[in-house]
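Report on the following structure.
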Amino acid sequence: MNAPASSCAAPIGIFDSGLGGLSVLRAVRAQLPAESLIYVADSRYAPYGKRDDDFIADRTLAICEWLVAQGAKALVVACNTATAQSIALVRERLAVPLVGVEPGIKPAAALSKSRVAGVLATQVTLRSARFQALIERHAADLRVLCQPGHGLVEAVERCDVNSPALVELLRGYVEPMLEAGADTLVLGCTHYPFLDAAIRSIVGERMTLVDTSVAIARQLERVLDQHGLRAQPADGAGATAGTPARFCSTSDGAHLRTLAAALLGIDAQVECVSIPSPRTREPEAA
């Protein structure tokens, strides 16, 4: 299937409840350097992990519709919580190709030698039917230890990825998994890859960490090729992941700019955008 050249040049929209999806953006830039990207952080309402399912669906659909209105040719829902609760709804409503994320249960099952694996994720992700289906499908002979990562998203959102307090919080989550024999840890939230070094300081080489951001980027590449939407590099371009990205935040954007600089080496000019939705629309003045 071949799309018009103008469609191929359109941007890819990447959305997360906050800053965690930057880990996916990093992988997409490396895998598809010719693509232009729009990243939206719904930081005004982050984190989603403690929100109710209807609120998550409300925000996810509104932001995806906004990205399509901005000209996005494909969407990446770079948030495990939003994917778990809302991706089926978005697929019903929008015609553009859509890629979601999910915890790496399948690779964990392939990697684990002890047949015990830990999953660190938000409470919403862990309770979702989508997550339970992943375990049933891919982890029949694997003991899966599920741990809600309370406080971790908030830490990344304030750009704390290595403080002593954060390391102690992580220690309380991962050491019981080690004691139970886990040799693999699934990072089940797109925020958590930014905690890789802190986790590694606790577990050393005793655990394999599963980060699915590279797999997401490869799946996006396949989807673009299936729809004939892959951007073609300009002459001499495309060797490095240097295509500028457009960064947007529903908050003031300060943390997004700080984390993009610290973790991606990008001096991001962040646009503050308003994306109303039925659950968050301001009441009209009397």
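Derivation of every value follows stated rules applied to the coordinates shown; laboratory data play no part. Worth saying up front: this structure is predicted, and the values here are computed from it rather than measured. Heads up, the Cβs are rebuilt from the backbone with ideal geometry, glycines too, and the neighbour counts pull from every protein chain shown.
Note on GLN132 and VAL214: their simple-model spin labels are 3.3 nm apart, each label 7 Å out from Cα toward Cβ. Axis angle, to the nearest 10 degrees, between helix 129-138 and the longest C-alpha principal axis of the chain: 60 degrees.
Kirkwood hydrodynamic radius of the range 1-129 from all distinct Cα pairs, in Å? Mind dumping the intermediate values first?
Details: mean 1/r = 0.0641 Å⁻¹.
It is 15.6 Å.
For the range 105-211, just say rounded, prolate or oblate: build the C-alpha gyration tensor, square-root its eigenvalues into a ≥ b ≥ c, call rounded for a/c under 1.5, and beyond that prolate if a/b exceeds b/c, oblate if not. Oblate is the answer for the range 105-211, as a/c is 1.5 or above yet b/c matches or exceeds a/b.
Adding -39500 (n - 2.57) for every DSSP H run of four residues or longer, then dividing by how many residues the chain holds, sets the calculated 222 nm ellipticity at -12000 deg cm²/dmol.
In order along the range 99-111, phi translates into HN-Hα couplings of 10, x, 10, 8, x, x, 5, 4, x, 4, 5, 6, 8 Hz, rounded to whole numbers, per the Karplus curve 6.51 cos²θ - 1.76 cosθ + 1.60 with θ = phi - 60° and x for Gly and Pro.
Based on the mean of other Cβ atoms within 10 Å per residue, sort peptides 263-269, 195-201 so the most packed one is first. The partial results should precede the final answer.
Numbers: 263-269: 14.0, 195-201: 16.4.
In descending order of packing, they fall as 195-201, 263-269.
Close amide H pairs (under 5 Å, H built 1.01 Å from N) link SER17 with ASP42, residues at least 5 positions away or on another chain. Only Cα pairs under 8 Å and 6+ residues apart enter the sum, and on that basis the relative contact order of the range 86-201 stands at 37 percent.
Could you work out the per residue convex hull volume over the alpha carbons of the range 72-138, in cubic angstrom? Could the numbers behind the result be given before it?
Values: hull volume 6.4 nm³, N = 67.
Residue-normalised Cα hull volume stands at 96 Å³.
Relative to the longest principal axis of the Cα atoms of the chain, the long axis of helix 53-69 lies at roughly 40 degrees.
So if R0 is 35 Å, what FRET efficiency would ALA30 and GLU154 give, r being the distance between their Cβ atoms, rounded to the nearest 0.05?
The value I calculate is 0.80.
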